[in-house]
1. Given the structure, is G120 under 22 Å from R19 (Cβ atoms), under 27 Å from the mean Cα position of the chain (by Cα) and open to solvent by 10 Å² or more (accessible area, probe 1.4 Å)?
2. Kindly list the number of the only condition in (1) modelled with pLDDT of 85 or more; (2) over 24 Å from the mean Cα position of the chain (by Cα); (3) open to solvent by 30 Å² or more (accessible area, probe 1.4 Å) that fails for E322.
3. Can you name the number of the only condition in (1) more than 18 Å from L163 (Cα to Cα); (2) β-branched (V, I, T); (3) without any contact (Cβ under 8 Å) to a residue 24 or more places away in the chain that V53 fails?
4. Within region 12-32, is there a residue that is in contact with a strand residue (DSSP E or B) (Cβ under 8 Å, 6 or more places away or on another chain), within 25 Å of A127 (Cα to Cα), open to solvent by less than 30 Å² (accessible area, probe 1.4 Å) and among the acidic types (D, E)?
5. Condition first: modelled with pLDDT of 90 or more and open to solvent by 60 Å² or more (accessible area, probe 1.4 Å). Now tell me which residues in region 446-486 satisfy that.
6. For region 212-235: of the residues being in a helix (DSSP H, G or I) and closer than 25 Å to A460 by Cβ, which is most open to solvent (accessible area, probe 1.4 Å)?
7. Six or more apart or on different chains, Cβ under 7 Å: which pairs go from a residue in region 242-256 that's closer than 14 Å to A149 by Cα and of a type in the set (K, R) to one that's at pLDDT 90 or above and open to solvent by less than 10 Å² (accessible area, probe 1.4 Å)? Could you list them?
8. Of the residues in region 38-59, how many are in contact with a helix residue (DSSP H, G or I) (Cβ under 8 Å, 6 or more places away or on another chain) and surrounded by 12 or more Cβ atoms within 10 Å (Cβ to Cβ)?
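The values are calculated or read from the model by the stated rules, or taken from the named source; none is laboratory data. Since the structure is predicted, the reported quantities are computational estimates derived from the model, not experimental observations. Every residue, glycine as well, gets a Cβ built from its backbone with ideal geometry; the counts of neighbours run over all protein chains shown. What goes into the accessible areas is simple: the full protein's heavy atoms, side chains included, and nothing from ligands, DNA or RNA. Shrake-Rupley method; radii C 1.70, N 1.55, O 1.52, S 1.80 Å.
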Amino acid sequence: MLATARTFTLDGISARPVRVEVDVHRGLPGFAIVGLPDAAVREARERVRAALVNCGFEFPLSRIVVNLAPASLRKAGPGMDLAIAAALLCASGELEWEGMDRVAFAGELALDGQVRSIHGALAIAEAAREDGVEAVVVPAENGPEAALAGGVDVVPLASVAELPGLAEGVRTPEPMPLPLRTGPAPGAPDLADLRGQPHLRHALEVAAAGGHSLLMVGPPGAGKSLAASRLPSILPPLGEAEALEVARIASATGRLGGGLPAGRPFRAPHHTISAAGLIGGGSPPGPGEITRAHRGVLFLDELCEFRREVLEALRAPLETGEVSIARVSGRRRLPCRFMLVAASNPCPCGRGEDDPDCTCLAAAVQRYQGKLSGALADRIDLLVAVSQPSAEEIGGAPGESSAAVRERVRVARERQEARLGPGRCNAEMTAAEVRGCELDPGAAALLADLYARRRLSGRAHDRALRLARTVADLAGAERVGEEEMAQALQLRRRDRV
């Protein structure tokens, strides 16, 4: 007999439909899976066999062929175990299920028949909704996650032994969706811990208000890493659509085991990371750190310790907000709208040329700073020189709290959304929108003078305008004045690196 079931395979951070066709016929006993399965899918033969036998079903001693259609699509992961088991039970005559073609299955089977959690349940539920499926059967642990999709019935399943009851219409209550946690995590590091450093605090506020990238250069222990770790605490809460994007990526990368993460993502990869680990890649292509940091912060500490080819791969994603990964099997487009925050020492020893104790040779300093090319530095909006705080500042009173700064950032973001559209900030302005910024004559003259003296490239010219617009939004100004433009140009000064 022949039976079919519907399932999905994870492709990047989205899911693609797969039709599971199971044929049971006479012949020497065997169990073959065809249709470009990877190793995890091929091993489903043993998991399905053991799960069905241990749950009291009779495994057919016949020739079993499982085809995963379309055959040209590579299938990965153990999430198709449940669909194979359901179709096999129907093909062998042990299960009668009218309307099974309106139901999709996704789940990994344990040898005792338990249905284990999988990655990407949210993306699978969304794909099932778009594919016209009435209900999607997922592991019980993934039920609240899949319920976030909406528009499709979510049926949590704990064991493959529950399939006969499910075929007869016996269903457990639909799970409640996970709560979207848009604000900062409770107990997150507070910006008040950053004592002194008024110029750095101002740069953090401007970067958060406009979604701008930031590079901090200074000696070790000056507070660069501390400041970067506090940046998420002053960012505005995620919108509902943004929170769903973050949840979809976290689901596809297996980071929803303990529930939805609070606040915006913060990723800090080590400087030994590869280009594929940072940008994405592999076979099949998967998301990298820049996609995991979508709508959040990507912090690159010790920037000049990264390999140059790894840093250069950031140039296109910083401009477009997405990364395109091309492989023989096809092209994947992954979102990566993140804030790049980087920290670097001025030289290999960290002291800098102004320090008499610095022993770095000029060639070593040039080689060290050369990891950051001019093209990448041009794409970084704020470049801040950080100095060592004094003993009085370190032992003084705490700085302004994250809550107070976050409120000013939220108001500035609301002005930007009213001007640009929901969920958009000044860092995402198009060239036409940048040209539409209203400038006072003094601001326009200041920018034109600096550009004429060849201190700005065309890209830097537009980024200075975006930055000035953010400074004006923080000040509540409708037009960009000369003072706001001067602040923006000062924040873009490349004092070091």
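1. Numbers: under 22 Å from R19 (Cβ atoms): yes; under 27 Å from the mean Cα position of the chain (by Cα): yes; open to solvent by 10 Å² or more (accessible area, probe 1.4 Å): no.
Judged against the criteria, G120 is not a match.
2. (2) is the only condition that E322 fails.
3. All conditions pass for V53, except number (1).
4. Step one: list which residues in region 12-32 are in contact with a strand residue (DSSP E or B) (Cβ under 8 Å, 6 or more places away or on another chain), which gives 12-13, 15-32.
Adding the requirement that they be within 25 Å of A127 (Cα to Cα) leaves 12-13, 15-22.
Applying the additional criterion that residues be open to solvent by less than 30 Å² (accessible area, probe 1.4 Å) yields 12-13, 15, 18, 20, 22.
Okay, now just the ones that are also among the acidic types (D, E), so none.
Looking through region 12-32, none of the residues is in contact with a strand residue (DSSP E or B) (Cβ under 8 Å, 6 or more places away or on another chain), within 25 Å of A127 (Cα to Cα), open to solvent by less than 30 Å² (accessible area, probe 1.4 Å) and among the acidic types (D, E).
5. Within region 446-486, A475, E478, R479, E482, E483 qualify.
6. K224
7. Partner pairs satisfying both residue conditions: R248/L122; R248/A123.
8. Matching residues across region 38-59 total 8.
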